[in-house]
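Written below as structure tokens is the structure these notes are about.
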Amino acid sequence: MYSHLAKRIMLFLLLLLIACNTNPTYSVTGVILEKNNQKRVMLIDHDKIKGFMDPMIMNFNLHDTVDMDKIETLDSVKFDLVILKGSHYAINFNKIGKRSNSNTFSLNEFSDGNDKLYSPKKVGEKISNVSFTSLDNSEYNLYKSDKDFIIISYIFSRCPMPEMCPATISNIQYLAETFKKKENMSFILISFDYIYDTPEKLYETYQHIEQNYNNIDFLSSVNHINDLYIIAKQCG
């Protein structure tokens with residue numbers, strides 16, 4: 001009787017261990033925009049990932065078993081996204097269609113022919129002056145800053161990928177703590193979600209970080225989409 005009970009307990013513990021070690025997996029549908037065979041990364045314009053992420057364009061790491069030669073740019077695909085503790089991978093790709101070139105985004109359509117404004121700057125060149133909105137709804141003008149060194153990163157509050165925005169913010173906090181005595185240095189985190197990440201939403205999510213670090217500023221790009229495109233493209 002004791003042996004039977006012990007076996008049942010061991011089986012329960014084994015099943016519990018397996019359940020705890022199961023990585024969250026999500027079904028994803030999207031269109032491949034770019035391939036990097038060397039890094040085994042694909043830029044994919046994906047639909048809403050139910051229970052995980054809203055639609056966006058982002059890079060996905062590919063599992064070693066994925067044959068990249070069987071997937072082409074503009075292929076519409078369905079695949080599984082597996083979330084690890086500090087990373088992720090995409091696996092089980094199935095081609096379900098093809099996107100025509102006419103449906104892809106063109107910067108020229110946005111820039112209205114003013115390509116120089118949206119061209120990457122070389123080292124030593126100045127980026128154009130841009131402005132965004134701080135958490136207190138005041139205007140943050142990049143050239144009005146009195147800091148000699150400004151470190152800029154890009155985030156969005158709905159990003160759940162562990163090695164993307166959460167990791168970026170954690171790294172910035174580490175740097176801000178390291179250089180907190182450098183009064184001529186500041187760290188800026190600009191949200192590129194110009195629809196959802198209002199100053200109010202960013203305040204709700206990140207205000208506690210700004211309170212603890214006087215050298216960190218979170219900025220909203222809502223109503224500043226052109227400023228966002230300018231600085232993102234000029235920074236490469």
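The values are calculated or read from the model by the stated rules, or taken from the named source; none is laboratory data. Here the structure is a predicted model, which is why all the values come from computation and not from measurement. FYI the Cβ positions are ideal-geometry reconstructions off the backbone, even for glycines, and counts take in every protein chain you see. These area figures cover heavy atoms from the full protein model, side chains too; ligands, DNA and RNA do not enter into them. Shrake-Rupley method; radii C 1.70, N 1.55, O 1.52, S 1.80 Å.
Can you send over the carbon and sulfur percentage of the accessible area for segment 44-96, probe radius 1.4 Å, protein chains only? Please list the in-between numbers first.
Details: 1310 of 2900 Å².
Solvent-exposed carbon and sulfur of segment 44-96 make up 45 percent of the total.
With every protein chain kept in place and ligands, DNA and RNA left out, what is the accessible area per residue of segment 17-74? Probe 1.4 Å, answer in Å².
Details: 3550 Å² over 58 residues.
Roughly 61 Å² per residue, with all protein chains present.
Roll a 1.4 angstrom probe over the protein heavy atoms and tell me the percent of accessible area of segment 136-236 that is carbon or sulfur.
Working: 2760 of 5600 Å².
Heavy-atom surface of segment 136-236 belonging to carbon and sulfur, 1.4 Å probe: 49 percent.
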Checklist entry - So for segment 61-101, Kirkwood radius off the Cα pairs, Stokes-Einstein at 37 °C and 0.692 mPa s: how many µm² s⁻¹? => result 294
Checklist outcome for this item: Cα gyration tensor of segment 184-236 diagonalised, 5x eigenvalues square-rooted, in angstrom largest first, produces semi-axes 20, 16, 6
Item to check | Label-point gap, in nm, between N141 and M185 - each point 7 angstrom along Cα→Cβ | outcome: 2.7
Checklist entry - What percent of all Cα-Cα pairs in segment 120-161 falls in each 5 Å bin, counting up from 0? => result 5, 14, 21, 27, 15, 11, 6
